[in-house]
Amino acid sequence: MTILQLLWYGVIALLFAIFLFLDGFDFGVGMATRLVAQTPAERQLYMRAIGPHWDGNEVWLITAGGAMFASFPLWYASLFSGYYILLFLTLVALILRGVSFEFSAHAETPRELAVWQWANFCGSLLAPFFLGMMLTSMIQGVPMDAQGNIWAGFWQVCNWLSIVGGVATVYFSFLHGLHFLSLKLPAVDARKMLHVSSKVYWIAYPALIVFVLLAIFQTDFYTARPLSTWLITVIILAATICGHWAAAHVRGGIAFISTGVTLAGVIAFIFNGLFPRVLIGVPAKNSLLIQNASASPKTLTIMTIVLVCLLPIVLIYFIWSYWIQRKRISSSDIQGENGY
Amino acid sequence: MIGLASVLDLSRFQFAMTTIFHFFYVPLSIGTALAVAIMETIYVRTKKPLYKSMAQFWGKIFLLSFAVGVVTGIIQEFQFGMNWSNYSRFMGDIFGAPLAIEALLAFFMESTFIGVWMFTWDRFKPGVHVIFIWLTWLGSTLSAIWILAANSFMQHPTGFEINAQTGHVRLTSFMAVVANPQLWVEFPHVIFAAILTGGMVVLGMSAFGLLRSKQKREFFTKSAKVGAWLALVGSLLTIAAGDMQTRYIINDQPMKFAATEGIYKDTTDPAPWQAVALIDTKTKTVKSSVDIPYLLSILSYHSTSGSVKGMNTINKELHAKYDKKFGANMNYYVPVKTLFWSFRFMAGVGVLSALLTFLALLWSRAKKDTLADKRWFLWILGICTYLPFVGTTGGWLITELGRYPWVVYGLQTIADAVSPTTTAGQLWFTNIVYFVLFCVLGGVMVFYSRRTLHHGPDYDASEVNDTKQVHGNAREAYQA
Ligand code: HEM
């Protein structure tokens, strides 16, 4: 394994982690439009909170996909063709969520508005579920042939660990969304968000324990890389406790960071456990490795140069766009279509 | 297995469907973003509120297009892995990089600045705010370069070698991939076609606006002018770039060219142009045709002499060249009729757009300004809102089907590119869901665009309210 291969494995992990950190709260906000908001006006306000940002956040997923294609084409080919239906369902969910923002701004009757708000909710709920399922089903090992084709049957895709993984992704995204809203909405609503979050948080502990137990039996993570795996597990748990405490003590900022760390931690957990493989095959000799799934050194070098040049610039204006819109929003912000 | 169609057919259908649908919105977004940017720039320059209102109004159309474009674009990013995994394995070393660069360089820019642009009209000075729409437009244009770089490699591979061990393509020169001559004829053609598209849509919708209400006359006449200028310049440049492309593919992909002209047997010298032709693909003959003498030589070589090779000859040449590697059973004839007619529709759109926009500008010039009174002409313009999409779809059918049987020209066949693991059942399922979804998205997008048009701009409060607006806006309703 070369330095560049290692680097790009890390970059892919980082891109997925940033994606889940950012779009995670968009998903959570979408869920909150049904689970917390009571009126169409409130729903519109929640959606307005992420209106300027969700698209940019989603681009991290697009970038992760593109970067995976560029740096590990064999991984990209095997994973996405192997998880065909799950990925397809994720895409449909993302499509519904994506158009709902613009279409709901054009709705004129309560019923029309309800259609797009439901689209937003369903998309926001299902996208992280299917994505979480895909990531956690993959780590249990999947039937692969020598060409790297995945021949996963229904039970390989849909099993206890993958369902718990999907639900956990949804669940932490929801909390994350509540915490984001607590930073963006007027003070009264903000407190409500944290109140809800601190209640819902109790489910996190049993969920985490079930997940860890399943992971111990269903994956080789805790035996193959015990030290780092346990370390990440502890970090996820600590972030959970910290977030819970912060939510209970009305500290939205800390709560937000904590759920973000939890979500990014899930990605770290997966990528750490996979290493040095990218896909765990059954039989093991058919596994795809970082070493043999990557693009040529030349392509990796070029991609590294591109990344080093472009990413800092992207980060600057990306963060700037949050900074200039950091103020809390209120219902007066959603007068007029599209924010004008 | 569900019969009727093979995995290969279903995968090809899916690619065609998702890409054609996506590419309705790509040129529309690039084109309308440019129109909006120009309008807002005029506003910054002249301080006339009319132009701010124009930028905001057409901005709504742009945003609707952008929304559908973005969500259908996500499919593009993943479907190579999903449906074409062997292609992805074969091409990954080349194809992934432009895709990743596209995301890093273009998508972030587009998505970030569109978010800023939408929500900060009151926050920034007009001179600063206008920068955001220009950056959005720049982002979408840059994205076109990179995806077309990837497409160009498939049309005309450059800067690679075949890895002896894996049989996959391996990058040898990134510069050669970016400097691909195919790219630098394809990119201008596509970008100018996008400008044409944006212009024709603004023009056509303005024509409908003028037909509906006399009160918004100033608004829609001015909008029509911006649209007409864009579409005129766009169409002339598209045609010019198309001419370059034509002369490029004569040498590079002669089969594609011969098919677009329906030529089976080598032509005489000088070559006549078949304006329309009855083509029989079974017997590989042209039953009858309307010929214009000399024109094909002129179109192909810009000269009154020169013959064009027919498909039968090219077929033999291709067999001689590729049989050793791909076997003698390959069929090198592309779908001739589709290419022949697609080309005529595409080129027709170009010529018709140029003509219509010229007339529109003639009749709306400051001294005359009778455009709004020519209802028959406004109807034609209005219907032509949909015209550019015929052109762009035709263009892609030529480009992609004309590469048959290759997915990567001369290197990999379409049949070898498909995912071995997907099943016909899965593909039926996804095709049907995508189809229904696209009908809904496209339908709603058009419906909301039309409704936005009917409500008209907020400009000029002194006007009598339309009865339509009594319903008001849901948002206003529940805020009251
Ligand atoms: C008389 C004018 C035109 C000529 C001579 C022309 C020529 C061509 C040729 C030869 C191709 C195939 C290139 C290849 O396969 O590499 C092409 C593709 C294409 N054309 Fe045109 N075209 C014309 C007008 C238009 C117009 C008006 C539009 C749009 C409204 C358009 C949109 C496209 C698109 C989207 C493609 C596919 C992308 C590409 O390969 O560039 N064309 N055109």
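Please report, in debye to the nearest 20, how large the charge dipole of the stretch B:1-156 is about its Cα centre when each Lys and Arg carries +1 at its beta carbon and each Asp and Glu carries -1 there.
Here the stretch B:1-156 has a charge dipole of around 660 debye.
Helix B:49-83 against the longest principal axis of chain B: what's the angle in degrees, Cα atoms only, rounded to the nearest 10?
With rounding to tens, the tilt is 30 degrees.
Hey, with R₀ at 56 Å, roughly what FRET efficiency would residue B:331 and residue A:234 work out to, going by the Cβ-Cβ distance, to 0.05?
0.35
Relative contact order of chain A, please, whole-number percent, based on alpha carbon pairs below 8 angstrom and at least 6 residues apart.
With pairs under 8 Å counted, the relative contact order is 25 percent.
Counting heavy atoms of the protein chains only and a 1.4 Å probe, report the per residue accessible area for the protein assembly as shown as a whole number of Å².
Spelled out: the 1.4 Å probe surface of the protein assembly as shown, per residue, equals 38 Å².
Quick check on packing: order B:227-234, A:309-316, B:155-162 by the mean number of other C-beta atoms within 10 Å, highest mean leading.
Highest mean packing first, the order is B:227-234, B:155-162, A:309-316.
Sort out the exposed loop trypsin sites (Lys or Arg not before Pro) in chain B (DSSP loop, at most 14 other Cβ within 10 Å) and tell me the longest stretch that has none.
Maximal segment without exposed cleavage sites: B:369-480.
Looking at B:178, B:202, B:143, which one has the Cα that reaches farthest to the positive end of the dipole of the stretch B:84-212 (charges on Cβ: Lys, Arg +1; Asp, Glu -1)?
B:202
So for the protein assembly as shown, considering every pair of alpha-carbon atoms, how many percent are separated by more than 54 Å?
Percent of Cα pairs beyond 54 Å in the protein assembly as shown: 13.
So, in nm, how far is label residue B:316 from label residue B:358 when the simple model puts each one 7 Å beyond its Cα toward the Cβ?
4.3
Using a 1.4 angstrom probe on the protein heavy atoms only, could you order A:42, B:317 from most to least accessible area?
The residues order as B:317, A:42, largest area first.
Once the dipole of chain B is set up with Lys and Arg at +1 and Asp and Glu at -1 on Cβ about the Cα centre, which of B:428, B:159, B:227 lies farthest towards its positive end?
So the residue we want is B:227.
Which whole-Hz ³J(HN,Hα) couplings does the stretch B:348-362 yield from phi under the Karplus relation 6.51 cos²θ - 1.76 cosθ + 1.60, θ = phi - 60°, glycine and proline marked x?
x, 4, x, 5, 4, 4, 4, 5, 5, 5, 4, 4, 4, 6, 4
Based on the Cβ-Cβ distance of residue A:322 and residue B:409, what FRET efficiency does E = 1/(1 + (r/R0)^6) give at R0 = 45 Å, to the nearest 0.05?
In this case the efficiency is close to 0.50.
Tell me which DSSP H helices of chain A clear both cut-offs, 18 Å or more of axial length from alpha-carbon atoms and a mean Kyte-Doolittle hydropathy of at least 1.0.
Correct list, ordered by number: A:3-35, A:84-106, A:160-184, A:204-218, A:226-248, A:252-274, A:297-324.
Ignoring ligands, DNA and RNA and using a 1.4 Å probe, state the total buried accessible area between B and A in Å², rounded to the nearest 100.
Buried surface at the B/A interface: approximately 7000 Å².
Once amide H atoms are placed 1.01 Å from N in the peptide plane, what residues at a sequence separation of 5 or more from residue A:279, or on another chain, have their amide H within under 5 Å of its amide H?
Amide H neighbours of residue A:279: A:288.
In what sequence, highest mean first, do A:265-271, B:124-130 appear when ranked by Cβ atoms within 10 angstrom?
Listed from highest to lowest mean packing, they are A:265-271, B:124-130.
Taking 25 Å as R0, compute the FRET efficiency from the Cβ-Cβ separation of residue A:111 and residue B:435 and round it to 0.05.
0.50
Determine the calculated [θ] at 222 nm for chain B from helices alone, applying -39500 (n - 2.57) to every DSSP H run no shorter than 4 residues and normalising by the residue count; nearest 500 deg cm²/dmol.
That comes out to -23500 deg cm²/dmol.
Would you mind calculating the relative contact order of chain B from Cα pairs under 8 angstrom and at least 6 residues apart, reporting the percent as a whole number?
Once divided by the residue count of chain B, the mean separation gives 20 percent.
List the relative contact order of the stretch B:38-165 as a percent without decimals, with contacts defined as Cα pairs under 8 Å and 6+ residues apart.
Relative contact order, the stretch B:38-165: 24 percent.
Mind listing, in residue-number order, the residues in the stretch B:417-456 that have at least 30 Å² less accessible area with every protein chain present than in their own chain alone (1.4 Å probe)?
Output list: B:420, B:421, B:426, B:429, B:430, B:434, B:437, B:441, B:444, B:448, B:451.
Just name one of A:271, A:61, A:242: the one whose Cα is farthest towards the positive end of the charge dipole of chain A (beta-carbon charges, Lys/Arg +1, Asp/Glu -1).
My answer, from the dipole projection, is A:242.
Report in % the part of the accessible area of the stretch A:3-333 that belongs to carbon and sulfur, leaving out ligands and nucleic acids; probe 1.4 Å.
76
Counting partner chain Cβ atoms within 10 Å of every residue's Cβ in B:117-123, what's the average?
Per residue, the average neighbour count from other chains is 6.
According to a simple spin-label model (label point 7 Å from Cα along Cα-to-Cβ), what is the distance in nm between residue B:379 and residue A:330?
5.3
Can you tell me the orientation of helix B:85-101 relative to chain B, as the angle in degrees between its alpha-carbon axis and the longest Cα principal axis, to the nearest 10?
Approximately 40 degrees, to the nearest ten.
Using a 1.4 Å probe, how large is the accessible area of residue B:184, given in Å² and rounded to the nearest 10?
110
What's the average, rounded to a whole number, of partner chain beta-carbon atoms within 10 Å of each residue's beta-carbon in B:47-57?
Taking the mean over all residues of the peptide, I get 1.
Once you place label points 7 Å from the Cα toward the Cβ at residue B:423 and residue B:124, how far apart are they in nm?
5.2
Tell me which residues come under 5 Å, amide H to amide H, from residue B:279 once H is placed; ignore anything under 5 positions away on its chain.
Sorted by chain and number, the residues that satisfy this are B:287.
Give, ordered by residue number, each residue of the stretch A:104-128 whose 1.4 Å probe accessible area is reduced by a minimum of 50 Å² on adding the remaining protein chains to the chain alone.
The answer is A:106, A:108.
Under 5 Å between amide H atoms, partner at least 5 residues away or on a different chain: which partners does residue A:159 have, H built in plane at 1.01 Å?
Those qualifying (amide H under 5 Å, at least 5 residues apart or on another chain) number zero.
What average count of beta carbons from other chains do you get within 10 Å of the Cβ of residues in A:320-326?
Mean inter-chain Cβ contacts per residue within 10 Å come to 3.
The values are calculated or read from the model by the stated rules, or taken from the named source; none is laboratory data. What you see is a predicted model, and the numbers here were worked out from it, not measured in a lab. For neighbour counting, all protein chains shown are included, and Cβ atoms are generated from backbone atoms with ideal geometry for every residue, glycine included. With ligands, DNA and RNA removed, areas are computed over all heavy atoms of the protein, side chains included. Shrake-Rupley method; radii C 1.70, N 1.55, O 1.52, S 1.80 Å.
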